[in-house]
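A.B. asks: Before anything else, here's the structure in question.
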Amino acid sequence: MSPHRAQSGDVGLLDLPRVVAIHRDASRRVKLLQKPDLTYLFWEATLRCNLRCAHCGSSCVGKSPVRELETAEIKAILDTIAADFDARRIFVSITGGEPLLRKDLFEVVAHMTRLGMRSCIVTNGTLLGVEQAQKLWDAGMRTICVSVDGLEADHNAVRGPGSWAKALAGIAAARQVGFRRVEAITCVRPCQLDHLPAIEKAVRDAGARMWRLITIDKMGRGAEDEALWMGAADLRTLFDFIERRRREIKENREKFDLRFSCGGFLGVGRELRVRPGDGQCFAGLCVASILCDGQVSACPSLPRNLAQGSARERRFSAIWREEFRPHRDLAWRRTGRCADCSWFQVCMGGGLHERLVQPDDFCWLDRQDGFADCHTLTPAAIPTP
Ligand SMILES: C[S@@+](CC[C@H](N)C(=O)[O-])C[C@H]1O[C@@H](n2cnc3c(N)ncnc32)[C@H](O)[C@@H]1O
Ligand code: SF4
Ligand code: SF4
């Protein structure tokens, strides 16, 4: 595959606001490279799980491979974060494994809320009944994200029998107790592409107000079966659907949102059409993770050897301030595939975990067979605001 080089081209007036916005997003990331500013924290609550999904990037099973943080330990780490940062600006996304397996989940969420942090969980939904949803609400949580990997048969094929009905019931339970920000997350596989409108209907009928569509990274069990991965034609179908629905939703002022999520640059042809701005990777710039054993990383999807230190041994803020050099260094990213790329200024070498986890397949322009940059807008034609 040849490098993505600038060609001549014209900027259509209608495209200009999008192009300016793409540059504005890039300059925000450049500022954060120089002056990181923590606002988004993942807490990998556990690596234990009650399911065994075929695509699970963390290869979760019933038992954790590590000694996980105890209640007092995670609360103490959060205390230091609240002391050293502005907690009111920090949003915590609680993930796993299955976070609802932690008996102290509600206590830790309440602690986050007391410190001023906002939080959400990402859950498989199978353990999310009205009682659990109410406890999360009472603890101060206001956003719940439930994984729904297709229609019933497709979802159950990767997540196990009965899991689809429970996930949708989990969404409904969250709505029932008053959550307004209830999201569905779908790992899209080629087999689901014919059902996208029906999946949208199912998650909306259950009560979701937002639908995030992602693709499966080649990590953990997700690396084992190529039927799980999306090719260029599949991505085109998916992006066409999302673009169309985002347009219709805006025109009809529907109370629903859907978007694609990934850490990379999707090309001028797709950016800001399949998702709003600031969709690219902020790992180590404003995003950090506390892994389940206290290791501090940027995002939970990064290889674990890229953790920057243990919050069991060192103050979180010292790790955030003094480490994270690979995340904040563009030099190594401007190598290999990206060395001669004209899009580097706005892409900065792709999403970090994608680049490290699947080094032969991290560039979203390559993945789309260059479709997204076969557009009249080329880097040479783009005015830098
Ligand atoms: C790791 S799970 C943890 C939370 C919870 N157990 C769940 O399944 O929702 C968080 C999200 O990552 C997604 N995920 C799992 N493996 C993945 C992979 N290999 N690539 C991309 N996303 C993945 C899941 O489908 C889920 O939406
Ligand atoms: S994707 Fe979520 S529910 Fe499925 S095995 Fe992994 S952690 Fe468990
Ligand atoms: S990942 Fe980004 S910088 Fe690297 S080749 Fe692809 S578009 Fe260019």
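Every number in this text was worked out from the coordinates using simple rules, so none of it is lab data. Owing to the predicted nature of the structure, the values given are computational and were not obtained by experimental measurement. Positions of Cβ are generated from backbone atoms using ideal geometry, with glycine treated the same way; all protein chains shown enter the neighbour counts.
A.B. asks: Output the qualifying pairs, or none if there are none: Cβ atoms under 6 angstrom, residues six or more apart or on different chains, first residue in the stretch 256-282 and touching a residue at least 60 places away in the same chain (Cβ under 8 Å), second residue aliphatic (A, V, I, L, M) and in a loop (DSSP other than H, G, I, E, B).
C.D. replies: Listed by first residue and then by second, the contacts come to 268/377.
A.B. asks: If I ask for residues that are surrounded by 22 or more Cβ atoms within 10 Å (Cβ to Cβ), more than 10 Å from ligand 1 (Cβ to nearest atom) and in a loop (DSSP other than H, G, I, E, B), which ones from the stretch 118-134 would you list?
C.D. replies: Within the stretch 118-134, 128 is the sole residue that qualifies.
A.B. asks: Going residue by residue through the stretch 90-102, is there one that turns out to be touching a residue at least 24 places away in the same chain (Cβ under 8 Å) and farther than 23 Å from residue 212 by Cα? Lay out the reasoning, then the answer.
C.D. replies: So the first thing to find is which residues in the stretch 90-102 are touching a residue at least 24 places away in the same chain (Cβ under 8 Å), and the list is 90-102.
Within this subset, residues satisfying the condition of being farther than 23 Å from residue 212 by Cα are 101-102.
Yes, the stretch 90-102 contains a residue that is touching a residue at least 24 places away in the same chain (Cβ under 8 Å) and farther than 23 Å from residue 212 by Cα.
Matching residues to (1) assigned to a helix (DSSP H, G or I); (2) in contact with a helix residue (DSSP H, G or I) (Cβ under 7 Å, 6 or more places away or on another chain); (3) among the charged types (D, E, K, R); (4) surrounded by 22 or more Cβ atoms within 10 Å (Cβ to Cβ):
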site: 266; (1), (2), (3), (4): no, yes, no, yes
site: 271; (1), (2), (3), (4): no, yes, yes, yes
site: 293; (1), (2), (3), (4): no, no, yes, no
site: 305; (1), (2), (3), (4): yes, no, no, no
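A.B. asks: For the stretch 294-334, give me each residue that is of a type in the set (Ser, Thr, Tyr), in contact with a Ser or Thr (Cβ under 8 Å, 6 or more places away or on another chain) and farther than 16 Å from residue 356 by Cβ.
C.D. replies: Residues of the stretch 294-334 that are of a type in the set (Ser, Thr, Tyr), as a first pass: 297, 301, 310, 317.
Pick out the ones that are also in contact with a Ser or Thr (Cβ under 8 Å, 6 or more places away or on another chain) and you get 297, 317.
Matches in the stretch 294-334: 317 only.
A.B. asks: Please go through the stretch 91-108 and give me each residue that is part of a loop (DSSP other than H, G, I, E, B) and out of contact with any helix residue (DSSP H, G or I) (no Cβ under 7 Å at 6 or more places or on another chain), ordered by number.
C.D. replies: Here is the first cut: in the stretch 91-108, the ones part of a loop (DSSP other than H, G, I, E, B) are 96-98, 102-104.
96, 97, 98, 102, 103, listed by residue number.
A.B. asks: Which condition does residue 76 not pass, out of (1) away from ligand 2 (no atom under 14 Å from the Cβ); (2) surrounded by 18 or more Cβ atoms within 10 Å (Cβ to Cβ); (3) hydrophobic (A, V, I, L, M, F, W, C); (4) part of a helix (DSSP H, G or I), if it passes all the others?
C.D. replies: Condition (2) is where residue 76 drops out.
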